[in-house]
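Undergrad: Below you'll find the structure I mean.
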Amino acid sequence: MPVEEIRELADYEHELDAVEATETTLLSTIAFAPDDVESTSTAPNTEPTSPSRPARCLLLFNEEDKPAGMALYFYNYSTWRAKPGIYLEDLFVRPTERKKGYGKRLLVELAKEVVASNGGRLEWSVLKWNEPSIKFYESIGAKPMNEWVGMRVDREGLTKLASLLD
């Protein structure tokens, strides 16, 4: 279960106090592969996604069978391209495992899944101050989308929006 990785990522992003995820909430919202079942990027063997379980999690383990990194993602859709895609919510590689190819492996596996589904794109957000990650992403061919501004409604604002026309 990636609870510890999520907490480490939040700490790196200076947002540890914002983590609400628990093993229970992750188990109820992420479609995982069954134990001892091999998945491939062209045939992921996981529980089906649904509105209440929309996310998937790809975990990589090191030579000692300890978690090295994770990619938490979900499927999206491009209206302009009329194609499915993947949105990478979180990519994390433990500091002790960086520069060993785990981040690249996670992104390659997601890219293979997009290609296998005849998808249009793999996309994600990165904090503006996270220069090491930005440089890594650019080195593998990712391009910044500087013309876009991220928008979000959550907590009280989400409740208020949901009842705006009531």
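The values are calculated or read from the model by the stated rules, or taken from the named source; none is laboratory data. Keep in mind that this is a model prediction, so the values were computed, not measured. Backbone-built Cβ (ideal geometry, glycine too); neighbour counts: all protein chains shown. The accessibility values were calculated without ligands, DNA or RNA, using every heavy atom of the protein model including side chains. Shrake-Rupley method; radii C 1.70, N 1.55, O 1.52, S 1.80 Å.
Undergrad: Residues that are outside any loop (DSSP other than H, G, I, E, B) and aliphatic (A, V, I, L, M): does the stretch 119-137 have at least one?
TA: Scanning the stretch 119-137 turns up at least one residue that is outside any loop (DSSP other than H, G, I, E, B) and aliphatic (A, V, I, L, M).
Undergrad: Quick one: Leu158 ticks every box in (1) surrounded by 16 or more Cβ atoms within 10 Å (Cβ to Cβ); (2) not in a loop (DSSP other than H, G, I, E, B) except a single one, so which number is it?
TA: (1)
Undergrad: Kindly indicate whether Tyr75 is farther than 20 Å from Glu13 by Cα and surrounded by 15 or more Cβ atoms within 10 Å (Cβ to Cβ).
TA: For Tyr75, the condition - farther than 20 Å from Glu13 by Cα and surrounded by 15 or more Cβ atoms within 10 Å (Cβ to Cβ) - is met.
Undergrad: Among the residues of the stretch 80-124, which ones are more than 24 Å from Met1 (Cβ to Cβ) and of a type in the set (S, T, N, Q)?
TA: Hits for the stretch 80-124 are Ser117, Asn118.
Undergrad: Give all pairs with beta carbons closer than 9 Å in which a residue from the stretch 139-166 that is closer than 30 Å to Arg105 by Cα meets a residue that is open to solvent by 100 Å² or more (accessible area, probe 1.4 Å); count only pairs at least 6 apart in sequence or on separate chains.
TA: Note: pairs meeting the criteria are Ile140/Lys104.
Undergrad: Another one. For the stretch 104-155, how many residues meet the condition of being among the hydrophobic types (A, V, I, L, M, F, W, C), open to solvent by less than 90 Å² (accessible area, probe 1.4 Å) and out of contact with any Asp or Glu (no Cβ under 9 Å at 6 or more places or on another chain)?
TA: Qualifying residue count for the region: 12.
Undergrad: Is the stretch 29-37 home to any residue that is in contact with a helix residue (DSSP H, G or I) (Cβ under 8 Å, 6 or more places away or on another chain), modelled with pLDDT under 95 and outside any strand (DSSP E or B)?
TA: no
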